[in-house]
Amino acid sequence: MIKAKFYLGKDQKITRFKLTGHADYSSGPDILCAAVSALAINTVNSLDRFAKSPRVNVDVDKGGYLLVDQLGVDPKSQLLLLSLQNGLLDIAQQNDNSQYIEVKMFDD
């Protein structure tokens with residue numbers, strides 16, 4: 001299961017997010033993992049290009065781990081982060097994929 005965790009500061013702005021695990025949706029190419037990866041990589045690249053560059057920590061050997069923090073609370077950064085969150089929630093809700101991906105928010 002992919003677990004997406006978004007951490008909210010006192011002002012309810014996203015301060016960091018973490019993605020862990022694998023969907024294990026199919027034995028062949030895993031379209032859910034691919035979709036989540038595409039959204040996450042695009043978000044990190046967009047933050048780097050259009051807003052404040054975040055700090056990124058990945059497990060390059062095993063995969064299935066992405067921690068992004070030191071995020072800006074400016075409107076551009078937050079819009080990109082909310083877009084990621086919305087995309088992940090859409091994937092989880094589509095065709096009852098909630099058994100493969102879980103999206104949660106936490107107070108930081």
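The values are calculated or read from the model by the stated rules, or taken from the named source; none is laboratory data. The model shown is predicted, which means the values in this text are computed figures rather than measured ones. Cβ placement follows ideal geometry from the backbone for every residue including glycine, while neighbour counts extend to all protein chains displayed. These accessible areas exclude ligands, DNA and RNA; they are computed on the full protein's heavy atoms, side chains included. Shrake-Rupley method; radii C 1.70, N 1.55, O 1.52, S 1.80 Å.
Descriptive notes on the structure:
- Annotation: amide H of residue 101 within the under-5 Å range of 2, sequence separation 5 or more or interchain, hydrogens built in the peptide plane.
- Beta-bridge orientation, the chain: approximately 65 percent antiparallel, per DSSP, counting only bridges with both partners inside.
- When the alpha-carbon atoms of the chain are used, the pair Rg, Dmax equals 13.4, 42 angstrom.
- Pairs spanning more than 22 Å between alpha-carbon atoms, out of 13/62; 18/52; 5/52; 10/52: 13/62.
- Acute angle (nearest 10 degrees) that the helix 75-93 long axis makes with the longest principal axis of the chain, alpha-carbon atoms: 20 degrees
- Three-way shape label, the range 50-108, alpha-carbon gyration tensor, a/c 1.5: oblate
- Loop-located trypsin sites (Lys or Arg not before Pro) in the range 3-107 (DSSP state not H, G, I, E or B) with no more than 11 neighbouring Cβ atoms inside 10 Å: 10, 62.
- Tilt relative to the chain, helix 31-50 - C-alpha long axis, 0 to 90 degrees, to 10: 20 degrees
- Average Cα contact separation per residue, the range 1-65, under 8 Å, 6 or more apart, as relative contact order %: 27 percent
- Percent carbon-and-sulfur accessible area, the chain, ignoring ligands, DNA and RNA, probe 1.4 Å: 51 percent
- ³J(HN,Hα) computed for each position of the range 8-21 - Karplus, 6.51 cos²θ - 1.76 cosθ + 1.60, integer Hz, glycine/proline x: 10, x, 4, 8, 6, 9, 6, 9, 6, 9, 9, 10, 9, x
- Hydrodynamic analysis of the range 32-77 uses the Kirkwood radius over alpha carbon pairs. Inserted into Stokes-Einstein at 25 °C and 0.890 mPa s, it gives a translational diffusion coefficient of 217 µm²/s.
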